[in-house]
Amino acid sequence: MLTAMLFSCSDSGNEPVGLKAIEVKATVDEVNMWGNLLLDIPKDSLYKVGYDNGDIVTISGGSLTKPLDIAFTDNMMSVGAWGMCLTYFPDEATLTLGLANASFSDRVGGKEGDILTISLKEKGGFRDVNERMKLWETDNRSDYDSDEMFANFYPVECHGMKSGVVYRSSDPLLESDNPARYEYADRFARNAGINTIISIAKTEEDWQSAVAAGSGFGEYCNELYSKGALLFHKFNVDIFVDEQAAKVGRMLRAMIENNPPYLICCSLGRDRTGLIAIILQVLAGTTYEEIESGYMRSYYNWHRLQPSSESYNDFLTRILHRTLYIMSREGDVDIAEMCSMTSFPIADIMERLPSAVESYLKNKAGLTIEEIEKLRGILSVGKDTPKESLPVVILDTDIASSADDLVTMSSLYHMADKGKVNFAAIMVNRNGDTNAKMADIMNTYYKHPEVKIGVTHIGPENPKVWIDYWKICEPGTYADEPVFPRSLSDAEISSLPDAAKLYRKILGRSEDHSVVILSIGFANNLARLLESQADEYSPLDGVELVRRKVKGIYLQAGHYGVAMEPDFNFKSDPENAIKLMDKCPAPMYFSPQEAGDNFDYTPSVMLADLEAAGMADGPLYHCYKHHDCETDQRMWDMMPLLSWLHPEYFDTFGPYDITLEDDMILNLKLPEATSNHNRYVQFPNLIEQEAIMGLIRRYCSLYDK
C-alpha cells in the first residue's frame, strides 16, 4: 500500500529541496526456497516514491524483533557475505528482503503474512559502496590473462599443508552450468593428476539429468565418474545451519575415504569452495595472510579485483572478514550487529579459529575426533608423516657449475624438512670427486646426510663451468670463507656408487609409478640406466624398470632456438641425449631453455633472503658472495621442480612425439596411434611471473618466513 508522494521546500524563496521518500507498507507474500522474503509491492514502486539504489532504509514491524537498517540496492553482491538488503531479481516481479549467502527468515526473522514498514534512513548512504562493489566479469577467454585464471583453478595452500593435496576451481563438470569454462577446469584437473573431484554445488541427479539431456561434460570428470571418484555433496553457503553442516561433514568424510589429490568445486569455485578451503587451511595450520591470499585470489581470477584497487578493502571487510568472524563464532552471531561493523578484530578471530573449526567439525558437521585427525593427517605437513608415503624424488644434476642447481637442492631439502617429499638421491652427472664433495657439503649443511649420492666417471669431457663455486670444496681461496664440513671422507667419496646402479637400487625397492626424477643436467646417467640389465635389485631391464617405477621425468633441456643462451645440458652430451629420447618409456616433461629466461634471482636479493632466513653461514650464501653470479644467471633448473609441484602456474602442451634436431632444438609432432606420445612441454605462465618468483624464493630460503 503506497501513500501520496511528498515534496518539501526551503523556508525562503520557495526553492525545492527535493523529493522526500515516503513511508511504505509491504506484506510478505512468500518465504522462498532460499529463505528470502518476497514482498507484495512491484520492484519499481520505491523509485516512484523517492527511493534510489544506494539509499539506506529501515525495515520494521511484523515478526521482526527490532528495526533493521539495510541497503536498498539492485546488486545483492554489494552488501557482502551475510549482508542484508532490500533488492529485486530480474526473474521476479516484486521486491525481496534478502540475506546474501543465507536465509533471511531463519537468520534475521520474518514470515509469510508479516506487514512491514519501509522508511528512509539515509538518502544515498550506501551509494558509494554500492558502486565500488560492482564486479567486472565476462565469459570470453581472451579477456583473461591465462587459462588457469579463466577456470579459477589453483591449489589450496598454506604453510602447514602439503603441496598438491587440494585444488579448487569453477565447475568442470557440465557445459550447461559453466559453458565457457568447464573444459578448461576439466583439463587442469587432468594435468594436476586429480584423483577425486568433489562437487559441492550439484547432486548426482543433476549430473545424470544434464548428461541425459545432451549437455557437454568434462571428459576427465566422466572418467572419474566411471571409477566412482566424481562425488556429489551439495550444500548451501550458510554451512552453520544444522542441515548444511551435516552435509559438510559428509563431504569431508568423503575426502577421508577417497584418494588425494582432491579438486573441490562449486559453480564459480569462489564462495562455497572458499569456505571449505578456509576450514582445510585452519585444520592444517595457517596464517591470516595465507587465508586472505587464497580466498581473494578467486576475486582476482573472476573479477580482476586487485589489492591496489579502491574497492578491494570493501570486499575484504564485507566478505572475507565477515566470513572469518562468523566462522570464529561457529555461526552464532547477530547478523544485524555484524553487518553494522566496519572493521573486525582479526587477531582475535585468528586466535579463536582453530578451536572454533574443530568444534564445528565435531559438534555440527558430525565428524569424530578420529576422523578429524585423519583429515588433518591427509592435509598436514607433519614430522610423523611416514616417509614411505611421500613422493620419491631423485635429482640428476651437473652440480658445481651453475647456481640454480644449488637453489633446486636447497628447495628439496626444505621440502623434505616439511614432510612434502622423500628426497632419495642426488645423481651427479659431471665427472670428478670434487662435484660429489659439493653434494656432500650440501647434504651436511642442510642436515640431510641420508640423501644418497651417485656418481659418474664417464660423463662429458670438460664441460663448461659457468660459476666456479666448486672451489668451496677447497678452502682457503677466500680469507673469510669457512671450511664447510662433510659427512663423507675422501675415501668414501671415491667409493660412491655408480649413478645408474644407485638408480636401479632405488627404483627396485619403490612402489610402481612413485618416483619423480628431476633432470637438470646431462643425460648420461639416465641413458645408462635405460641401457642397464637385470641385477640384484630388479629382474627388469632398464627400460622396463623405468616404465614400471617412474611417474615422470621433468627435464631442463632442449630449446626452441630463441633462448637467452642455447641449450647446454643436451648439447654437452648429445649422444646420451639421443639415447634418452629414443629409449625412455616414462612420461617426460620438458622445461626448455626459454622457460627459465625470465626468472633472475639476483645476488643482492638472494643474499638478503639467506640472511633473513639465518642461512648466511651456508654454501649457497658463500657461492653468491664470493663467486661471480652476475652472469645472466637464471633459475632454469627450478623450472622442472616447479612445473611438477605447481602445474597450475604452467601451460602444458602435449602429448607430443618430441625428437631432437641440430643444436638440441625440440621438434614437436602430434602423436601417431602407435607412437610413444607421453611427452610434454611446459612453459611458465608469465602472467604469474611474480608468483612463480615468490615460490622460488620461498622454497629456496624463506620457507618459514
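The values are calculated or read from the model by the stated rules, or taken from the named source; none is laboratory data. As the structure is a prediction and not an experimental result, all values here were calculated from the model. With ideal geometry, Cβ positions are generated from the backbone for all residues, glycine too; neighbour counts draw on all protein chains shown. The area values use the complete protein model at the heavy-atom level, side chains included, leaving out ligands, DNA and RNA. Shrake-Rupley method; radii C 1.70, N 1.55, O 1.52, S 1.80 Å.
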* Asked: Normalised by the number of residues in the chain, what is the relative contact order in percent for Cα pairs under 8 Å and 6+ residues apart?
  -> 9
* Asked: How big is the charge dipole of the chain about its Cα centre, in debye rounded to the nearest 20, if each Lys and Arg gets +1 on its Cβ and each Asp and Glu gets -1 on its Cβ?
  -> 1420
* Under Karplus coefficients 6.51, -1.76 and 1.60, residue-wise ³J(HN,Hα) of the range 418-423 in Hz, glycine/proline x -> 8, x, 8, 9, 9, 6
* Asked: How much accessible surface does residue 358 have with a 1.4 Å probe, in Å² rounded to 10?
  -> 70
* Asked: Loop-only check: which trypsin sites (Lys or Arg not before Pro) in the range 339-429 are DSSP coil with at most 11 other Cβ within 10 angstrom?
  -> 383
* Return the label of the correct value of Cα extents along the principal axes in Å, as calculated from the structure shown, out of [x] 173, 53, 50; [y] 81, 76, 66; [z] 99, 61, 50. => [z]
* To do: Collect residues whose amide H, placed 1.01 Å from N in the peptide plane, falls under 5 Å from the amide H of residue 50; neighbours closer than 5 in sequence don't count.
  => none
* Roll a 1.4 Å probe over the protein heavy atoms and report the accessible area of residue 174 in Å², nearest 10. => 0
* Asked: If one computes the Cα centroid of the range 596-622 and of the range 52-127, what distance in Å separates the two points?
  -> 55
* Structure fact -> Taking protein heavy atoms only, a 1.4 Å probe, and rounding to whole percent, the accessible area of the range 142-253 owed to carbon and sulfur comes out at 43
* **Cβ-based charge dipole, the chain, positive-most Cα from 320, 341, 246** => 246
* Asked: Going from most exposed to least, what order do 323, 602, 368 have by accessible area with a 1.4 Å probe?
  -> 368, 602, 323
* Structure fact -> Length gained if residue 66 through residue 535 is fully extended, taking 0.36 nm per residue and subtracting the Cα-Cα distance, is 160.6 nm
* Asked: 222 nm [θ] for the chain, helices only, -39500 (n - 2.57) per DSSP H run of 4+, per residue, to 500?
  -> -9500 deg cm²/dmol
* Structure fact -> Label model pair residue 213, residue 131: point-to-point distance (7 angstrom along the Cα→beta-carbon line) in nm is 4.0
* Which FRET efficiency value, to the nearest 0.05, do you get for residue 691 and residue 223 by plugging their Cβ-Cβ distance into 1/(1 + (r/R0)^6) with R0 = 30 Å? -> 0.50
* Highest first, please rank the peptides 262-273, 26-37 by the mean number of other Cβ atoms sitting within 10 Å of their residues. => 262-273, 26-37
* **Accessible area (Å², 1.4 Å probe, nearest 10) - residue 437** => 40
* Tell me, what HN-Hα J-couplings in whole Hz come from the Karplus equation 6.51 cos²θ - 1.76 cosθ + 1.60 at θ = phi - 60° for each residue of the range 290-304, using x for Gly and Pro? -> 5, 5, 4, 4, x, 5, 6, 4, 5, 6, 5, 4, 7, 10, 6
* Structure fact -> From the Cα centre of the range 390-428 to that of the range 195-246, the distance in Å is 39
* Asked: Per residue, how much accessible area does the chain show when a 1.4 Å probe rolls over the protein heavy atoms, in square angstrom?
  -> 40
* To do: May I ask you to derive the FRET efficiency for residue 91 and residue 23 from their Cβ-Cβ distance with R0 = 30 Å, giving the value to the nearest 0.05?
  => 0.60
